Amino acid sequence: MEETVYEKEYSPDAALSQDEAAILTMMLNAVREPENCVSLPETLEDAYTALLMREAIGTGKEIRSQKMPWALKT
């Protein structure tokens, strides 16, 4: 069950979930202070790692990652 953390005063039907509020906050911070935001490749890598961890936990098997297109070139 999602918890509503923000509601627009003028429309009770238009509410943001906690996840939506977090994404909005991150987007606003990226616009206001772009030098302090996390890069897209870093964000994608974090999300990919989380997916692999969930798979490993769910299956109990060792999961290996693959190099993804967003990986930074070294």
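Bear in mind that the values in this text are calculations on the coordinates, not laboratory data. If you're wondering where the values come from, they're calculated on a predicted model, not measured in any experiment. Here the Cβ is made from the backbone with ideal geometry for all residues, glycine too, and neighbour counts use every protein chain on show.
Things worth noting here:
- Note, ³J(HN,Hα) from phi for segment 32-39, Karplus 6.51, -1.76, 1.60, rounded to Hz, x at Gly and Pro: 6, 9, x, 6, 9, 8, 6, 6
- Least to most buried among I57, I63 (fewest other Cβ within 10 Å first): I57, I63
- Proximal charge balance of K61 [Cβ under 15 Å; K/R count +1, D/E count -1]: 0
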